[in-house]
Amino acid sequence: MRKKWFILLILINLIHNNFVFSQLSREDYIAKYSKHAVEEMSRTKIPASITLAQALLESDNGNSDLAKEANNHFGIKCHGWEGGKIYKDDDTKNECFRKYKSVLESYKDHSEFIRNSKRYSSLFTLEITDYSAWAKGLKDAGYATNPKYPEMLVKIIEDNKLYEFDNSVKFDKNAKPLADIDNPVYVGHIGYEVFLKNKIKCIKVKSGDTFYKIASEMDMNVWQLYKYNDFEKDYKPQSGEIIYIQPKRSKAEKKYETHTVSVNETIHSISQLYGIKIKSLSKLNNLKPDSKITEGTILNLQKRKSE
């Protein structure tokens, strides 16, 4: 009997020790993931100190269930998310949270979440190394409900000297956000101007660009550029044209109901103009994707009200 209790005690100690050793310390987390925050600062102009402090706070230094089970280090909820999902109790029971394939994917999505939301656009007018102003700005924009959220972030930054990561990033400080049709987006660190058309990210091709070069600099696969733009496999990008870096939509923006075809326009060129998939544009007009259209034809860009 004593032997069994002795063995059980050893097992309990082993489990306890493994649990303790599996917990990341704040220093361990910073050493392991600070590179992601720095990369995102270079890419999106969100201070690395802010990103890292938020991740440390939201993920309990990477030890939260959400971080371990879903690689979600910022507690971002689904909100229309089409990727993996996980359900956890939070403000209410069984809430939906985003699930990522990697921690890096979580960091990237956090950056996109902030820079592509109008509510946070004022942050990008702040000095990029002013972490105190960024912390306050996040709270003012409604990122967190805790009134002490800015102070919590600043304390983490100053206690761990995270501001040093901000000073390590080199980029063109004169690059500023710019506006497209509806929303301000940003000027990417790679030199591309990224716009929104039909709420879809797109870029303008520069002289000498290839799909391989664009894909490499945008951290994409070449096949995505072909698919998102309905291009044939032998197509080569032309300087000045719009290339979508996200999938096009099934209809145009609400303010565009129809389009009157001009000389030399094709279903493809119109689909690019409005950010509509060729398949969807064809279906809206009872056409085949390879149909020839003539000047003066009126095309529907929205689903007809009678349907």
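The values are calculated or read from the model by the stated rules, or taken from the named source; none is laboratory data. None of these values were measured; they are calculated from a predicted model. Note that we place each Cβ from the backbone using ideal geometry, even for glycine, and neighbour counts take in every protein chain shown.
Within the stretch 36-45, is there a residue that is touching a Phe, Trp or Tyr at 6+ places or on another chain (Cβ under 7 Å), modelled with pLDDT under 90, in a helix (DSSP H, G or I) and of a type in the set (G, A, S)?
Scanning the stretch 36-45 turns up at least one residue that is touching a Phe, Trp or Tyr at 6+ places or on another chain (Cβ under 7 Å), modelled with pLDDT under 90, in a helix (DSSP H, G or I) and of a type in the set (G, A, S).
Scan I86, I128 and give me the residue that is among the β-branched types (V, I, T), in a loop (DSSP other than H, G, I, E, B) and either assigned by TED's automatic domain parsing to the domain that holds S49 or over 15 Å from A53 (Cα atoms) (or both).
So the residue among I86, I128 that is among the β-branched types (V, I, T), in a loop (DSSP other than H, G, I, E, B) and either assigned by TED's automatic domain parsing to the domain that holds S49 or over 15 Å from A53 (Cα atoms) (or both) is I128.
Test A55 against the criterion of being among the aliphatic types (A, V, I, L, M), crowded, with 23+ Cβ neighbours inside 10 Å and in the same structural domain as T125 (by TED's automatic domain parsing), and give yes or no.
So A55 passes the test.
When you check T145 against the structure, is it surrounded by 13 or more Cβ atoms within 10 Å (Cβ to Cβ), in a loop (DSSP other than H, G, I, E, B) and more than 20 Å from the chain's Cα centre (by Cα), yes or no? Outline the logic, then answer.
Working: surrounded by 13 or more Cβ atoms within 10 Å (Cβ to Cβ): no; in a loop (DSSP other than H, G, I, E, B): yes; more than 20 Å from the chain's Cα centre (by Cα): yes.
No: the conditions fail for T145.
Which one is surrounded by the most Cβ atoms within 10 Å (Cβ to Cβ), of the residues in the stretch 244-284 that are within 26 Å of the chain's Cα centre (by Cα) and among the aliphatic types (A, V, I, L, M)?
I276
Kindly indicate whether K136 is assigned to a helix (DSSP H, G or I) and modelled with pLDDT of 90 or more.
Judged against the criteria, K136 is a match.
Might you check whether a residue that is without any contact (Cβ under 8 Å) to a residue 12 or more places away in the chain and either polar (S, T, N, Q) or under 23 Å from I200 (Cα atoms) (or both) occurs anywhere in the stretch 155-173?
Checked the stretch 155-173: no residue is without any contact (Cβ under 8 Å) to a residue 12 or more places away in the chain and either polar (S, T, N, Q) or under 23 Å from I200 (Cα atoms) (or both).
If a residue has to be within 21 Å of the chain's Cα centre (by Cα) and surrounded by fewer than 18 Cβ atoms within 10 Å (Cβ to Cβ) to count, how many in the stretch 122-142 make the cut?
Residues in the stretch 122-142 being within 21 Å of the chain's Cα centre (by Cα) and surrounded by fewer than 18 Cβ atoms within 10 Å (Cβ to Cβ): 5 in total.
Consider the stretch 100-119. How many of its residues are surrounded by 19 or more Cβ atoms within 10 Å (Cβ to Cβ) and among the aromatic types (F, W, Y)?
Of the residues in that region, 2 qualify.
Could you please let me know if S121 is within 22 Å of K199 (Cβ to Cβ) and either of a type in the set (S, T, N, Q) or in the same structural domain as K201 (by TED's automatic domain parsing) (or both)?
Spelling it out, S121 is indeed within 22 Å of K199 (Cβ to Cβ) and either of a type in the set (S, T, N, Q) or in the same structural domain as K201 (by TED's automatic domain parsing) (or both).
Only one of these is at pLDDT below 90, over 25 Å from D166 (Cα atoms), exposed (fewer than 15 other Cβ atoms within 10 Å of the Cβ) and more than 17 Å from the chain's Cα centre (by Cα): K93, K88. Name it.
Just a single option satisfies the conditions, and that option is K93.
Determine whether K303 is farther than 16 Å from C202 by Cα, out of contact with any helix residue (DSSP H, G or I) (no Cβ under 6 Å at 6 or more places or on another chain) and in contact (Cβ under 8 Å) with a residue 40 or more places away in the chain.
Numbers: farther than 16 Å from C202 by Cα: yes; out of contact with any helix residue (DSSP H, G or I) (no Cβ under 6 Å at 6 or more places or on another chain): yes; in contact (Cβ under 8 Å) with a residue 40 or more places away in the chain: yes.
When the stated conditions are applied, K303 passes them.
Given the structure, is S102 under 19 Å from A53 (Cβ atoms) and either of a type in the set (G, A, S) or in contact (Cβ under 8 Å) with a residue 40 or more places away in the chain (or both)?
Taking the combined requirement at face value, the residue does not satisfy it.
Are any residues in the stretch 108-141 among the hydroxyl-bearing types (S, T, Y), under 21 Å from G80 (Cα atoms) and touching a residue at least 60 places away in the same chain (Cβ under 8 Å), and if so, which ones?
Of all residues in the stretch 108-141, those among the hydroxyl-bearing types (S, T, Y) come to 111, 117, 120-122, 125, 129, 131-132.
Of the ones still in play, those that are also under 21 Å from G80 (Cα atoms) are 111, 117, 120-121.
Correct list: S111, S121.
Of these, K77, K93, which one is farther than 18 Å from S42 by Cβ and out of contact with any Lys or Arg (no Cβ under 9 Å at 6 or more places or on another chain)?
K93
If we keep just the residues of the stretch 58-83 that are in a loop (DSSP other than H, G, I, E, B) and hydrophobic (A, V, I, L, M, F, W, C), which is surrounded by the fewest Cβ atoms within 10 Å (Cβ to Cβ)?
W81
Could you check the stretch 153-169 and list, in sequence order, the residues that are more than 16 Å from S34 (Cα to Cα) and either at pLDDT below 85 or surrounded by 17 or more Cβ atoms within 10 Å (Cβ to Cβ) (or both)?
Answer for the stretch 153-169, where residues must be more than 16 Å from S34 (Cα to Cα) and either at pLDDT below 85 or surrounded by 17 or more Cβ atoms within 10 Å (Cβ to Cβ) (or both): just V154.
Whether any residue in the stretch 196-204 is in a helix (DSSP H, G or I), at pLDDT 80 or above and closer than 28 Å to Y256 by Cα is what I want to check.
The answer is no, given that none of the residues of the stretch 196-204 is in a helix (DSSP H, G or I), at pLDDT 80 or above and closer than 28 Å to Y256 by Cα.
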